[in-house]
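Note sheet for the following structure.
The values are calculated or read from the model by the stated rules, or taken from the named source; none is laboratory data. Here the structure is a predicted model, which is why all the values come from computation and not from measurement. Positions of Cβ are backbone-derived with ideal geometry, glycine not excepted, and every protein chain shown enters the neighbour counts. Surface accessibility is based on the protein's heavy atoms, side chains included, excluding ligands, DNA and RNA. Shrake-Rupley method; radii C 1.70, N 1.55, O 1.52, S 1.80 Å.
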Amino acid sequence: HCNLGQQPHLLMCYFSHTLYSLCTPKRRVHNKAGRNQAQSPRIIWEHIRGVSNVCLSVEAKALRLVKRRRYAQAAGLLAAQLDVHGRGPATSRNLIAVCKAKLGELHEARNILQQLQHEKPGDPRVLNNLGNLALLEDDARTALKLYREATRLSPWAAEPRFNMCLAYRELGEIEKALYSYHEFVLAKRINFLGKALAVLGGLAASAALIRAWLLHP
């Protein structure tokens with residue numbers, strides 16, 4: 001349940017990243033002499049994961065750092081992709097803004113997001129993150145306007161709906177806060193169902209192709 005008694009800076013807003021569902025890597029197990037051989041499958045898995053980490057995009061690596069709360073390191077990694085004028089991939093700059101906000105550098109985060117909004121108006125993730133900055137600066141009404149615009153442009157986005165719950169809480173409108181929270185839960189469930197159906201559809205298509213190949217004379 002949503003604890004409406006907590007403040008936004010404690011609950012923390014949902015900042016919109018560009019990549020999702022990346023697990024935080026656990027401590028690696030090294031294959032030292034005398035180690036129990038029953039751990040061999042785990043050692044092989046760690047090796048595979050290490051190789052896959054090399055193949056990850058810079059944004060994916062930065063997001064892993066964000067999930068470990070290493071915001072300064074993530075921002076530095078992403079900044080290396082930008083030119084001398086601070087221009088570069090929008091996904092990287094959006095994530096840099098998130099890192100700056102997490103570090104408390106709200107002014108710098110706002111400058112990055114406003115530039116992104118100027119270059120590409122109507123990006124719901126940028127609008128959501130601008131709303132988060134407004135909420136962190138105790139401007140809940142401005143935050144609500146930005147969240148509403150984000151949900152209008154992306155009706156099934158869950159993050160702005162959760163953040164609307166926090167904004168309404170700040171304004172003392174508890175009923176609207178609860179309503180926004182229920183919308184957030186519904187959006188999360190619909191998104192999960194959509195992903196599940198997509199996976200099932202892909203598996204069914206693969207099974208049909210394999211069956212057709214096996215039955216081909």
Specify which residue in the list Ala196, Ser92, Val185 is farthest towards the positive end of the charge dipole of segment 90-217, using unit charges on the beta carbon of Lys, Arg (+1) and Asp, Glu (-1), about the Cα centre. Ala196
Averaged per residue, what accessible surface does segment 164-217 expose to a 1.4 Å probe, in Å²? 75
Please list, in order along segment 64-74, the HN-Hα scalar couplings obtained from phi with the Karplus expression 6.51 cos²θ - 1.76 cosθ + 1.60 (θ = phi - 60°), rounded to whole Hz, x for Gly and Pro. 4, 5, 4, 5, 8, 6, 9, 5, 5, 5, 5
Zero-based 5 Å bins, Cα pair distances in segment 115-217, whole percents: 2, 14, 17, 17, 13, 8, 7, 6, 5, 4, 3, 2, 1, 0, 0
When the chain is fully extended, how far beyond the present Cα-Cα distance does Val58 get from Trp213, taking 0.36 nm per residue of separation? 52.0 nm
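Which pairs break 23 Å Cα to Cα here: Lys100/Lys120; Lys100/Lys195; Lys145/Lys195; Lys145/Lys188; Lys102/Lys176; Lys100/Lys176?
Table pairs above 23 Å Cα-Cα are Lys100/Lys195; Lys145/Lys195; Lys102/Lys176; Lys100/Lys176.
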Quantify, in whole percent, the carbon and sulfur part of the accessible surface of segment 100-217 (1.4 Å probe; protein heavy atoms only). 60
Relative contact order (percent) for segment 69-114, with alpha-carbon contacts under 8 angstrom and 6 or more residues of separation? 37
